Amino acid sequence: MFPLQRNRRLRKSSSMRALVQEHQLTPNDFIVPLFVIEGQQKKEEILSMPGYYRYSEDLIAEKVKSLWSQGLKSVLVFVKVQDSLKDNKGTEALNPKGLMQRAIQTIKNVVPEMIVMTDVALDPYSSFGHDGIVNDGKIINDTTVELLAKIACSHAHAGADVVAPSDMMDGRILSIRKSLEALNFNDTAIMSYSAKYASSFYGPFRDALDSSPGFGDKKTYQMDFGNRREAITETRRDIEEGADIVMVKPGMAYLDIIRDLRETIDAPIAAYQVSGEYAMLKAAAEKGWLDHDAVMMEQLIAFKRAGAQMIATYFAEDAVKLL
Ligand code: PBG
């Protein structure tokens, strides 16, 4: 009751505010997405993601050293596959000398302590741009799941610490977990994109990897954004199937889902602040309409406050510079 309580007492100076601050960011919070391309000495800016680049394998080595020196300790690797290598069977995804497998080895060679997470998905390898095998215009769940398990094992074999299936097929976590165990990859963790919504915020990412669906959309496998309880069901199931870390994606528009999960499950939760979220802030800042750094930090803290333990974000490097 006023004046016994005056909430402003604890806001009166910046040291006082720091003393009572409930949530902070540290470099340990961030997962840095990396886009890898074929070739040498190539650094290409992604048109719809200003300031974000695709790097060739040799430059990825330099990039990873630089991230490590800034205190960033985990990367999430995506590859851009040449059209000539795409098919409807994920053939190239299993190539032990493929771009992903080589990138994993390169990163592990230059910075062995860096946590290497890999995107386990078919879309960059698919002639249809879908996350599964296509038959008669449909995405075939169980055949896809078998293939994803093989892809995950191939990444583990190359040295991945964490495999991250981003496809939303049913049963893929159990299948991946069983396959990893069968091959003695007991220590390979699974970060499941467990509550991944069919979102239009992924647009710039699909430009980055040239992986847009050739027909239809992803609504038969990714979640309907009108749903909330379903995220809990999906996530519980993935944990039962052997996921170590679970994820909510996209980020900002789904903070309620992060909070729901924080209150119902105990596994570490990752938030993915996706490409469209990055693009929105970059565009507004470029126009001088928003203060880039201030808005970025406000958003990143919001993920922690909502209950996320880690954040995959294209802002990781920008953010650590300010910490
Ligand atoms: C696909 C995948 C997508 C993203 C990560 N993995 C796109 C999609 O589902 O179509 C999006 C990431 C982003 O937008 O930053 N397996």
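The values are calculated or read from the model by the stated rules, or taken from the named source; none is laboratory data. Keep in mind the model is a prediction, meaning the values are calculated, not measured. Ideal geometry is used to build each Cβ from the backbone, glycine not excepted, and the neighbour counts take in all protein chains shown. In case anyone asks, the SASA skips ligands and DNA or RNA and just uses the protein heavy atoms, side chains included. Shrake-Rupley method; radii C 1.70, N 1.55, O 1.52, S 1.80 Å.
Summary of values
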read-out	value
Percent breakdown of C-alpha pair distances by 10 Å bin, ordered from the shortest bin, for segment 130-183	26, 53, 19, 2
Whole-number Å³ per residue for the convex hull built on Cα positions in segment 200-261	118
Extended-chain gain in nm, criterion 0.36 nm per residue less alpha-carbon gap, E113 and Q24	29.6 nm
Kirkwood Rh and Cα Rg combined as Rg/Rh, the chain	0.98
Longest site-free stretch - the chain; sites: trypsin sites (Lys or Arg not before Pro), DSSP loop, at most 15 other Cβ within 10 Å	98-218
Residues of segment 24-322: accessible area per residue with a 1.4 Å probe, Å²	42
Residue pairs, from the table K80/K138; K65/K108; K65/K321, whose Cα atoms sit over 18 Å apart	K80/K138
Net dipole in debye of segment 24-322 [+1 Lys, Arg Cβ; -1 Asp, Glu Cβ; about Cα centre; nearest 20]	160
Reduced Cα scattering model of segment 74-212, Debye log10 I(q)/I(0), q = 0.14 Å⁻¹	-0.60
Average Cα contact separation per residue, segment 84-174, under 8 Å, 6 or more apart, as relative contact order %	34
K150 paired with R228, simple spin-label distance in nm, labels 7 Å along Cα-to-beta-carbon	4.2
Positive-end residue of V120, L183, V110, charge dipole of segment 24-322 with Cβ unit charges	V110
Which listed pairs, of K86/K304; K42/K73; K86/K249, have C-alpha distances above 31 Å, in listed order	K86/K304
Percent of beta bridges antiparallel (DSSP, segment 118-267, rounded to nearest 5)	25
Longest to shortest principal axis, alpha-carbon extents of segment 189-323, angstrom	46, 39, 28
Simple label model, 7 Å out from Cα along Cβ direction - D266 to Q309, nm	1.1
Anchor K282: aspartates and glutamates whose Cα lies under 18 Å away (excluding residues fewer than 8 positions away in-chain)	E44, E45, D207, D291, D293, E298, E317, D318
Per-pair calculated FRET efficiency, R0 = 35 Å: H292 and L183 via Cβ, rounded to 0.05	0.20
Accessible carbon and sulfur surface of segment 24-322 relative to its total accessible area, %, 1.4 Å	50
Residue-averaged [θ]222 nm for the chain, counting only DSSP H segments that reach four residues, each worth -39500 (n - 2.57)	-11500 deg cm²/dmol
Separation between Cα centres of segment 3-46 and segment 191-211, rounded to whole Å	23
Kyte-Doolittle mean at least 0.0 and Cα axial length at least 20 Å: DSSP H helices in the chain	141-158, 292-306
Only Lys, Arg (+1) and Asp, Glu (-1) charged, at Cβ; segment 138-245 dipole about Cα centre in debye	260
